[in-house]
Every structure is written in C-alpha cells, then in structure tokens.
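The values are calculated or read from the model by the stated rules, or taken from the named source; none is laboratory data. None of these values were measured; they are calculated from a predicted model. Positions of Cβ are backbone-derived with ideal geometry, glycine not excepted, and every protein chain shown enters the neighbour counts.
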Amino acid sequence: MSTPILQLKDASISQGDSLVLSNVNVEVNKGEFVYLIGKTGSGKSSFMKILYGDLTLTEGEGQIVGHNLKGLKDKDIPFLRRKLGIVFQDFKLLTDRTINENLLFVLKATGWKDKNDMNKRVEEVLNKVGMKTKGFKYPHELSGGEQQRVAIARALLNNPELILADEPTGNLDPQTSIEVMEVLQDINKNGNTILMATHDYALLLKYPSKTLKCDNNEVYEVVQRKQ
Amino acid sequence: MSSSFENHQKRRLISSYFSVVLSIALVLFLLGLLGLLILNAQKVSDHFKEQVVLTIYLKDTAKEVEINQLEKSLAMADYVKSTEYVSKEQAAEFMKAENGEDFMDFVGYNPLQNSIDVHLKADFVTSEQLEKISEEALSKNFVDSVDYDNDLVTLMNNNVKKISFWVLVISGIFTLIAVLLINSSIRLAVYSKRFTIKTMQMVGATKQFIRRPFVWKSVRLGIIGGILALIGMGIVLYYLNKTFPELQLLSNPAIITMLFVFVFMLGIIITWISTHIATQRFLNLKTDQLYY
C-alpha cells in the first residue's frame, strides 16, 4: 500500500484577502513524480507556498512529511523545510559565496557538525547533478542550467522526503530545461518524491507522469490519454 | 576571475561597512563630548563664578594692622577662595596701563583707594551671600565701601540654571538621534540582505542561526565605531585639558573611565538591538511581503 507523503483535504488557499484555490483535495504518495500545471496566476506558486509554510493554511486540513499544515507554528517551519527540498525558478542561491559554501551553509544550518562529513556530502550531491568540478565557482559564474543543477543539489543535501520544484525550468531554454528534467527524473528514479509546478507542456509530453491542474480556483487531477 | 570578484565584493562590503562605522563613530563621539560637557558643567560654571570679584575699598585712615587682620580673617573664611591686597599706587598703575595715560597728571593727586580683591568660592557666589559678606565688611569702620557686580552674579546664576537644563534636554535629544541614526544605518545594511535572509529560511535555517552572524557583524562594527569615538574623545580631552588646565578635566579618572565605558557599551548595545530588530522584521515577513 502506498504511503501519502502529502495530503490536502478541503483546503482553501488565499493570498492576503483574495482566495486563490478552494476545496483542494490532493494526495501525493512516496516515490511519485507529480506535475502541477496551470496558467500563470492560476495559483501554482501559492499552492507550493502553502506546502513549505510561506503561506498559512487557514481552511481545510493538510499533512506534509509528518507535519500538520493547519496551525503550523512559526518555530516548526525550519524543521518542515529540512524534510523538504525546495527548488525555485530563480534558483535562489546565495550570491555572496561559492557553490561549495552555499551547500555548506545549508548543512551547518541544518545541524551538521563534522567538517569531513559535510565536505563528503557536498561532493556527493554535486556529483549527482554533474557539477562536481564547479564547487569553487560563484553562482554568477555559472549558466542558468548549472545554477539550477546546484539548486537541485542543495535540495538533495538532507535526503528530503519530498522535493518541491516551483517552475524549475521557467528561466531556462528548452535544451537546458530537458537537461534539468533529466536530473530530476534520475532523482525520482532513486526513490525521491517530486512535486513540480510548471507551465512547460512540452516537458509533460516528453516525461509523462501524474498531473494536477490549477484552474478556476480549483485543483484537479488530469487524466492522461494513452497515445 | 573569482579572486577579482572576491576583491570587488570585499571592496563593496568595506565601503558599505565604512559608512556604518563612520556614522556610529561620529554619533558616539558627539554623544561622548556631550557627556564630557555634562560631567564638567559644574566645574565650568564654578570656574566662571569664581572669576567674580568682590572689592573692599579701605579708607585712607585704615591702619596696616587692621588691613592685615581683615585680610587674614577673610583668608580663613570658608567662603573665600583667595584675596589680594591692591594698594592705591598699584591701582593707579593698572589704570595707567589700561587707559594709556597718567590721570594723575591732570588730577594732580591719586584719588584711588587701597582695596582688597576677594574671590569667593563658587557655592557662595549668590546675591544673598555677597550682600551678607558685604554687610559684614562694611561693619568695620576702616572699610569705606564694598563693590561687586550684582547684576552679573544674578545673570550668571540664572544662565547656569538655564544652560544646565538645556544641556540635559539636548543630551536626551542627542541620545535619541544617536539611537535612530545607528538604527537606520543598520536597518539599511540588513535591508539590502533581505532576500538572502529569506533564502536562508527556505533551506531550513532557524531564525536564530540566520540572525547570529548579522548581529555579530554589526556588533563588530559597533566596537570599531566605539573605539574610533573613544580615540576622538581622548584627543579632544587631551587638548581641552592642555588649553584649560584650571578646569582639571582629568582630575577624576574614574568618572572619565566610566564615561568611556558607557560610550563604548552604548555602541555595542545599540548595534546589537538594532540588528536584532531589523533581522527579526525580515525574518517574520512572508516572501511576498519583501517586495512592498
């Protein structure tokens, strides 16, 4: 029996006073690769923000990696995020330090102490995304695709139970998007659960998987037609 | 390439830190000077009060023994700081030197009187005390008259009260300005890092973990600013003491040390609290609120 890693029941998602999504019922199981699609402004990012605690769930129920989203306390948010790996469209790397330092910061912030273990872990994740030789560089010295690979490596550091990728290919050209997608696919094949928001339908066709759609303030699963 | 970027980053950081350090140093320096002024206000006002002269004019018939006795009794009185006997000849010399001509040439004789100049201790320079001393002197039959500038004394006492009050008010305002200026410099420095702070939160860092290096960095700037302010205060104190040794600015090293410690600690405390509040503000904001 599959284990739900993310569950939302009758949830409503609001940005300030405006209701973005209502009556959301979603379940993501361990090991799945799930797309979240929808037009710009349809509520994909708000949906993601609810999941990593950047918006508060006020109506309905929500469970993610063992945390209750309803009434999630401020002090618990860092610990929720440690169980998640978050990848953003604009990479969000710390620009004032090298790639290695970016990754070491995450490890230190999440309680790692041993220097050797930390260096080993950084090397492992960079190797996974094919960036082993670029650790000494600053983010601005890398291409968009490379920066996104580093962001994925960062998301992998603490073996997250769920990776949330908010339009990870949104800033990339089609070829680089495919390269980043390949990385995410490989990670998924290794057992990581991934929820990826995108409006790049070409990727859905190339890498078909379970798809949720945000439309008209609702989220529903899109039934795939067999080709 | 990375080293040139690193150097560029360092230069940028140094110049932005420089303005923070400079504003901290300047504000603390001015605050320290004000502190010195308050601590020495009493000495300064005493210094001016003790310049007031009460002159006892003696009759020409006064005997030397009477004059000596009066001078001795005045010197022993607890309200007198110093006395000086000025003979009529000396007075004529002073007047000659002051006017540039010998008035005795056309008057034909010296109309001036022998006198005793009395400098009183600051606490006794009040209209009431001066009147009392004057009456006491006049009771002696060899004393002709007593002269002092009563208006000047009243004016001086009123002004000292007014100045002390305004110095206190200005100190309060200045302390507030100091806190606001340093706070604003630090808030700007933290504001420029708001997206970095948010990114750090996104990867699972706790607020305390994120805040710590910001606070530590600001406290270091506060320490540097404080040291610069103390050096400035030290230089000013040295030159003031050299120029006005009578004020005895360094006579109480414990108080001066306490002022220096206060100014130094103020730099640390203000930067600490300001950074704590500024980072906390951005840590508590949701991502979308960072753009407003």
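This table checks each residue for (1) within 19 Å of A:GLU161 (Cβ to Cβ); (2) crowded, with 22+ Cβ neighbours inside 10 Å.
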position: A:ILE37; (1), (2): no, no
position: A:ASP54; (1), (2): yes, no
position: A:ASP74; (1), (2): no, no
position: A:ILE86; (1), (2): yes, yes
position: A:LEU104; (1), (2): no, no
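For A:PHE33, indicate whether it is under 17 Å from A:THR211 (Cα atoms), aromatic (Phe, Trp, Tyr) and in contact with a strand residue (DSSP E or B) (Cβ under 7 Å, 6 or more places away or on another chain). Before you say what the answer is, go through the steps one by one.
Numbers: under 17 Å from A:THR211 (Cα atoms): yes; aromatic (Phe, Trp, Tyr): yes; in contact with a strand residue (DSSP E or B) (Cβ under 7 Å, 6 or more places away or on another chain): yes.
Yes.
Would you be able to tell me the number of residues in region A:127-180 that are over 30 Å from A:GLY66 (Cβ atoms), in a loop (DSSP other than H, G, I, E, B) and either out of contact with any Asp or Glu (no Cβ under 7 Å at 6 or more places or on another chain) or modelled with pLDDT under 90 (or both)?
Going residue by residue through region A:127-180, those that are over 30 Å from A:GLY66 (Cβ atoms) are A:130-147, A:171-179.
Filter once more, so that each one left must be in a loop (DSSP other than H, G, I, E, B): A:130-131, A:135-138, A:142-143, A:171-173.
Going one step further and asking which of them are either out of contact with any Asp or Glu (no Cβ under 7 Å at 6 or more places or on another chain) or modelled with pLDDT under 90 (or both), we end up with A:130, A:135-138, A:142-143, A:171-173.
Counting residues in region A:127-180 that are over 30 Å from A:GLY66 (Cβ atoms), in a loop (DSSP other than H, G, I, E, B) and either out of contact with any Asp or Glu (no Cβ under 7 Å at 6 or more places or on another chain) or modelled with pLDDT under 90 (or both) gives 10.
Pairs only if they're at least six apart or on different chains, beta carbon under 7 angstrom, first in region A:164-193 and under 19 Å from A:ASP90 (Cα atoms), second part of a strand (DSSP E or B) and of a type outside the set (A, V, I, L, M, F, W, C); list them, first residue then second.
Taking only residues 6 or more apart or on different chains, the pairs are A:GLU167/A:THR198; A:THR169/A:THR198.
Before we move on, is B:VAL261 in the same structural domain as B:GLN42 (by TED's automatic domain parsing) and within 15 Å of the chain's Cα centre (by Cα)?
Details: in the same structural domain as B:GLN42 (by TED's automatic domain parsing): yes; within 15 Å of the chain's Cα centre (by Cα): no.
No, not satisfied.
Report yes if some residue within region A:197-204 is in the same structural domain as A:ILE13 (by TED's automatic domain parsing), in contact with a Leu (Cβ under 8 Å, 6 or more places away or on another chain) and under 25 Å from A:ALA11 (Cα atoms); otherwise report no.
There is at least one residue in region A:197-204 that is in the same structural domain as A:ILE13 (by TED's automatic domain parsing), in contact with a Leu (Cβ under 8 Å, 6 or more places away or on another chain) and under 25 Å from A:ALA11 (Cα atoms).
On the given criteria, is A:THR211 hydroxyl-bearing (Ser, Thr, Tyr), within 30 Å of A:LEU19 (Cβ to Cβ) and outside the structural domain of A:PHE105 (by TED's automatic domain parsing)? Reasoning before the result, please.
Numbers: hydroxyl-bearing (Ser, Thr, Tyr): yes; within 30 Å of A:LEU19 (Cβ to Cβ): yes; outside the structural domain of A:PHE105 (by TED's automatic domain parsing): yes.
When the stated conditions are applied, A:THR211 passes them.
Identify the residue in region A:63-77 that is within 13 Å of another protein chain (Cβ to nearest Cβ) and in contact (Cβ under 8 Å) with a residue 24 or more places away in the chain and, among all such residues, is farthest from A:ALA11 (Cα to Cα).
Top of the filtered list is A:ILE77.
Modelled with pLDDT under 90, surrounded by 14 or more Cβ atoms within 10 Å (Cβ to Cβ), assigned to a helix (DSSP H, G or I) and hydrophobic (A, V, I, L, M, F, W, C) - does that describe any residue in region B:202-211?
First, pick out the residues of region B:202-211 that are modelled with pLDDT under 90: none.
Scanning region B:202-211, I find no residue that is modelled with pLDDT under 90, surrounded by 14 or more Cβ atoms within 10 Å (Cβ to Cβ), assigned to a helix (DSSP H, G or I) and hydrophobic (A, V, I, L, M, F, W, C), so the answer is no.
Restricting region B:219-277 to residues that are in a helix (DSSP H, G or I) and of a type in the set (S, T, N, Q), which is farthest from B:ASP46 (Cα to Cα)? So that I can check it myself, show each step before the final result.
First, pick out the residues of region B:219-277 that are in a helix (DSSP H, G or I): B:219-243, B:245-247, B:253-277.
Adding the requirement that they be of a type in the set (S, T, N, Q) leaves B:241, B:243, B:257, B:271, B:274-275.
Working: B:ASN241: 16, B:THR243: 17, B:THR257: 23, B:THR271: 37, B:SER274: 40, B:THR275: 43 Å.
This residue is B:THR275.
Is it the case, given these coordinates, that B:ASP147 is more than 14 Å from chain A (Cβ to nearest Cβ), surrounded by fewer than 16 Cβ atoms within 10 Å (Cβ to Cβ) and either at pLDDT below 85 or in contact with a Leu (Cβ under 9 Å, 6 or more places away or on another chain) (or both)? Break it down into steps so the answer makes sense when it comes.
Values: more than 14 Å from chain A (Cβ to nearest Cβ): yes; surrounded by fewer than 16 Cβ atoms within 10 Å (Cβ to Cβ): yes; either at pLDDT below 85 or in contact with a Leu (Cβ under 9 Å, 6 or more places away or on another chain) (or both): yes.
Yes; evaluated as a whole, the condition is true for this residue.
What's the number of the only condition in (1) more than 14 Å from chain A (Cβ to nearest Cβ); (2) of a type in the set (Val, Ile, Thr); (3) within 30 Å of A:GLY53 (Cβ to Cβ) that B:VAL236 fails to meet?
Result: B:VAL236 fails condition (3) only.
Can you give me the number of residues within region A:138-152 that are within 14 Å of chain B (Cβ to nearest Cβ), surrounded by 19 or more Cβ atoms within 10 Å (Cβ to Cβ) and of a type in the set (D, E, K, R)? Talk me through it step by step, then tell me what you get.
Taking region A:138-152 as the starting set, the residues that turn out to be within 14 Å of chain B (Cβ to nearest Cβ) are A:138-142, A:147, A:150-152.
Cutting the leftovers down to surrounded by 19 or more Cβ atoms within 10 Å (Cβ to Cβ) gives us A:138-139, A:147, A:150-152.
Adding the requirement that they be of a type in the set (D, E, K, R) leaves none.
Selection size over region A:138-152: 0.
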